[in-house]
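The values are calculated or read from the model by the stated rules, or taken from the named source; none is laboratory data. Treat the numbers as computed from the prediction; the structure is a model and nothing was measured. Here Cβ is always computed from backbone atoms with ideal geometry, including for glycine, and neighbour counts include all displayed protein chains.
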Amino acid sequence: MSETIKKTEKFDVGGQAVMEGVMMRSPHATAVTVRRPDGTMVTKLTPFVPLKEKYPWMGKPFLRGVINMGTMLYYGMNTLEDSTKMLGMLDEEPTRFEKWLAKKLGKGIDKIVMAVAIVLAVILSVALFIALPAGVESLLRGAGMSTVGYTLIGGLVKIGILIGYMVAVGFIPDIRRTFQYHGAEHKSVHCHESDLPLTPENAMTFSRLHPRCGTAFLLIVFSVSILLFLVLNVLVPISNFFVRFLFHLAMLPIVAGVSYEVLMGLAHHENRITCVLRWPGMQMQRLTTREPDAKMLECAIVSVNVVLNGFPEHCEKTPEGWGVFHDYRESEPGYVPASAVADAAVAS
């Protein structure tokens, strides 16, 4: 596939914050840009073919939400790994244990570390957001509380854990910087969607909150799960904790599918009802975003330019094929460095 990613129709551009940078994603490519300690910005462009183009059934309503949740988890972890590599954070000498584990498993150190991180994250998420609320519901049901009561409290426990986690990690300096890059991602996407020139000055004027944000999606997931389990708990009362836990786990794909359709519907329609319904999710983003500085916005803008247009013809490259930018304007389509203009003038 050509490095030039042509914009042929109107589509959503989204992304995520990474270590000292921003990833942007279009329908056929991702671009990860990080700012290295020397001040340069390095960008990795990765074209791909969407699963729904290979398998059209994966793009059907409700199914696409489940597929999207899985692919976002996969690409999200890969993107974090890419950003650490691009920053040179994986160049340190591995420990003796890491070398032994890599030799035994026949895998690279980075793959092992990422796999362990994914497993631990999944276990923690299941424990906090499925097992714990299910346990609370079982205890309250055993104490004689009504179906409506224990279902609502179980849902509020999930939301409370989510909010508490976001508040707690926000005090960690490195996470706060990542939240600033998250704000830069949203501002640059707003600027792009408003058809304004992508500059730090223009992007800075926009809100750091965005209706398609994953934070809003999480709140919608929990809200939909409360409504769904309220109905199901009335129809199928379950007293055993383990059965309830497995039941909640089995319902996760359905909750994800419905929640994705709700998120897209609220994000792409502008009226009083949608504004009211998406307001809580927008406010949740105040916990996971911070106001970025101009340099952070430059990283986000470079990612938008590259994911939409590919690398400019004269783009400097690293041995790995990553683009190197000293200024965000160098990522703009058709950019020609002053040295190339001078050479052309001399040749003529």
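For the stretch 51-70, which positions are within 17 Å of the chain's Cα centre (by Cα) and surrounded by 14 or more Cβ atoms within 10 Å (Cβ to Cβ)? Scanning the stretch 51-70 gives 64, 65, 66, 67, 68, 69.
Identify all residues within the stretch 29-43 that are in a loop (DSSP other than H, G, I, E, B) and in contact with a helix residue (DSSP H, G or I) (Cβ under 9 Å, 6 or more places away or on another chain); write none if there are none. Steps first, answer last, please.
Residues of the stretch 29-43 in a loop (DSSP other than H, G, I, E, B): 36-40.
Selection gives 36, 39.
Out of the stretch 152-192, which residues are modelled with pLDDT of 95 or more and acidic (Asp, Glu)? The answer is 185, and nothing else. Taking (1) at pLDDT below 90; (2) under 21 Å from the mean Cα position of the chain (by Cα) in turn, residue 233 satisfies each apart from (2).
Residue by residue, here is whether (1) in contact with a helix residue (DSSP H, G or I) (Cβ under 6 Å, 6 or more places away or on another chain); (2) closer than 22 Å to residue 183 by Cα; (3) buried (at least 21 other Cβ atoms within 10 Å of the Cβ) holds:
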{"site": "195", "(1), (2), (3)": "no, yes, no"}
{"site": "205", "(1), (2), (3)": "no, yes, no"}
{"site": "223", "(1), (2), (3)": "no, no, no"}
{"site": "233", "(1), (2), (3)": "yes, no, no"}
{"site": "289", "(1), (2), (3)": "yes, yes, yes"}
{"site": "293", "(1), (2), (3)": "no, yes, no"}
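Determine whether residue 171 is within 30 Å of residue 293 (Cα to Cα) and in a loop (DSSP other than H, G, I, E, B). Judged against the criteria, residue 171 is a match. Is it fair to say residue 291 is within 16 Å of residue 191 (Cα to Cα) and assigned to a loop (DSSP other than H, G, I, E, B)? So residue 291 fits the description; yes. When restricted to residues that are among the hydroxyl-bearing types (Ser, Thr, Tyr) and without any contact (Cβ under 8 Å) to a residue 24 or more places away in the chain, the stretch 260-290 contains 1. Under the condition of being at pLDDT 90 or above and of a type in the set (D, E, K, R), the residues counted in the stretch 1-46 number 6.
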